[in-house]
1. May I ask you to list the trypsin sites (Lys or Arg not before Pro) in the range 1-50 that are in a DSSP loop and have at most 15 other Cβ atoms within 10 Å of their Cβ?
2. What residue among TRP69, TRP100, TRP47 shows peak mean-square fluctuation when the chain is described by a Gaussian network model with Cα springs under 10 Å?
3. Tell me the angle of helix 65-81 to the major Cα principal axis of the chain, expressed in degrees between 0 and 90 and rounded to the nearest ten.
4. At SER79 and ASP67, where each label point lies 7 Å from the Cα along Cα→Cβ, what is the point-to-point distance in nanometres?
5. Starting from 0.36 nm per residue, how many nanometres of slack lie between LEU56 and SER4 once their C-alpha separation is accounted for?
6. Quickly work out the ASP177-to-GLU189 label distance, labels modelled 7 Å from Cα along the C-beta direction, and quote it in nm with one decimal.
7. Roughly how many debye, to the nearest 20, is the charge dipole of the chain about its Cα centre, given +1 on each Lys and Arg Cβ, -1 on each Asp and Glu Cβ, and no other charges?
8. How much length, in nm to one decimal, is gained on full extension between CYS148 and ALA25, taken as 0.36 nm per residue of separation minus their Cα-Cα distance?
Amino acid sequence: MKLSTIAEALSGAGLMVRGGFHPLAQDRVPEPAGTVVLVGNVGPAMWRSFTARVSLAERTAPGHPLDEWTRRVVGTAASDLGATPLYPFDGPPYWPFQQWARRAEPVHPSPIGPLIHPQYGLWHGYRAALVFAESLALPPVEQGPSPCTACDERPCLSACPVDAMTPDGFAAGRCLDHLNGPKGDACRELACLARRACPVGRSYAYGPEQSRFHMDRFAAAPPSFDEVPSANR
């Protein structure tokens, strides 16, 4: 099995291979596991595929329509490829996707929490992992310094209108109160303003409809950040 074959199986859904690794015991990957290939999205490509296949009524219904769609498309690809799919939204307990991502790609924790990619910035996500019993050939991960190390101004830390990015971490309650209050529309329509302030990968930024979708879901049912630090949405 080649990575190009896996990428082709995912491309119709606007998803892409986000690297892979050969798991060790500390990676907590269920056996049999010779290779883990991460599946994710970059920019708006996944959103275009999702909205073309899922009606507006379904997208705005309660629940998690994007997660359900992900299960369908990745599950089909996994069956065709002979892999076991795992998802960052399964749990608790949750799979350690941030740990896996750092094994698979040159990503780093950003000052505001989500992993930053040197090309895509903060505009990417991990939607699934495909676990193969066999050991597949993988290219080496070319790790480099975080793009944040060369960013002297760090506008992400000062862009939040309610200063939810604190020295002690993300103040989720403060963010949610703002989002659900009378002045939260800008953050809902434009995505997190701290995320948007980052100068890296701006050409991959989500559009207003996609941003609103993610922010509405977060405001309605926020994850536990102690348990799910994993899926850059």
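Any read-out appearing in this document is the output of simple, stated calculations on the displayed coordinates, not a laboratory observation. These figures come from a predicted structure and were not determined experimentally. Cβ sites come from the backbone with ideal geometry, for glycine too, and all protein chains shown count toward neighbours.
1. Answer by residue number: LYS2, ARG28.
2. Checking each option, the largest mean-square fluctuation is seen for TRP69.
3. The two axes meet at around 20 degrees.
4. Result for the modelled spin labels: 2.2 nm.
5. That pair, LEU56 and SER4, stretches by 15.5 nm at full extension.
6. Output for this residue pair reads 2.5 nm.
7. Computed charge dipole of the chain: roughly 420 debye.
8. 41.2 nm
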